[in-house]
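> Mind looking over this structure? Questions follow.
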Amino acid sequence: VLLDWPENLTAQEACLAEPLGNGVHIYHLTKAWKPKTVLIIGAGPIGLMCQHALQQLGGATVYVSDLSPERIA
């Protein structure tokens, strides 16, 4: 499905909608457990959006792991 985005939203901002949607979805899947500490394996766009959602919405302490030194930096 293709959706139009608001004219005041740049393409760079719009391309983050799908990874952020994944992060928010993970938060909703885990919120019943009320996790205090979470490990995310993979520091790509979806992993980082999961980190952000779990920290901001759930208040969890989040650790992110990745094999790529560039992504860890």
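> Students often get this wrong, so try it: which of (1) 4, 15, 23, 20, 17, 11, 8, 2; (2) 3, 16, 29, 31, 18, 3, 0; (3) 3, 15, 24, 23, 19, 12, 5 is P(r) over Cα pairs in 5 Å bins from 0, in percent as calculated from the structure shown?
Checking each listed value against the structure points to (1).
> Heavy atoms only, probe 1.4 Å: what % of the accessible area of the chain goes to carbon and sulfur, would you let me know?
Taking all protein chains in place, the chain shows 61 percent carbon and sulfur surface.
> Still on this structure, I have one more. Report the relative contact order of the chain, percent, no decimals, based on alpha-carbon pairs under 8 angstrom and at least 6 residues apart.
Values: 82 pairs, mean separation 22.5, N = 73.
Computed value for the chain: 31 percent relative contact order.
> Moving on to the next point. What number, rounded to the nearest 500 deg cm²/dmol, is the helix-based mean residue ellipticity at 222 nm of the chain, given -39500 (n - 2.57) per DSSP H run of at least four residues and division by all its residues?
Estimated from H runs of four or more residues: -13000 deg cm²/dmol.
> When the solvent-accessible surface of protein heavy atoms is calculated with a 1.4 angstrom probe, in what order do L39, L67, L20, L3 fall, highest first?
Reading off the accessible areas and sorting them downward yields L67, L3, L39, L20.
> Right, next: I'd like the orientation of helix 17-30 relative to the chain: the angle between its Cα long axis and the longest Cα principal axis, in ° from 0 to 90, rounded to 10.
Approximately 40 degrees, to the nearest 10.
> Might you report the magnitude of the Cβ-based charge dipole of the chain about its Cα centre, with Lys and Arg at +1 and Asp and Glu at -1, to the nearest 20 debye? Write down the numbers at each step before the final one.
Values: 4 positive and 6 negative charges, 110 e Å.
So the dipole magnitude of the chain works out to roughly 520 debye.
The values are calculated or read from the model by the stated rules, or taken from the named source; none is laboratory data. The model shown is predicted, which means the values in this text are computed figures rather than measured ones. Backbone-built Cβ (ideal geometry, glycine too); neighbour counts: all protein chains shown. Ligands, DNA and RNA are stripped out before the accessible areas are found, and what is left, the full protein with its side chains, is counted by its heavy atoms. Shrake-Rupley method; radii C 1.70, N 1.55, O 1.52, S 1.80 Å.
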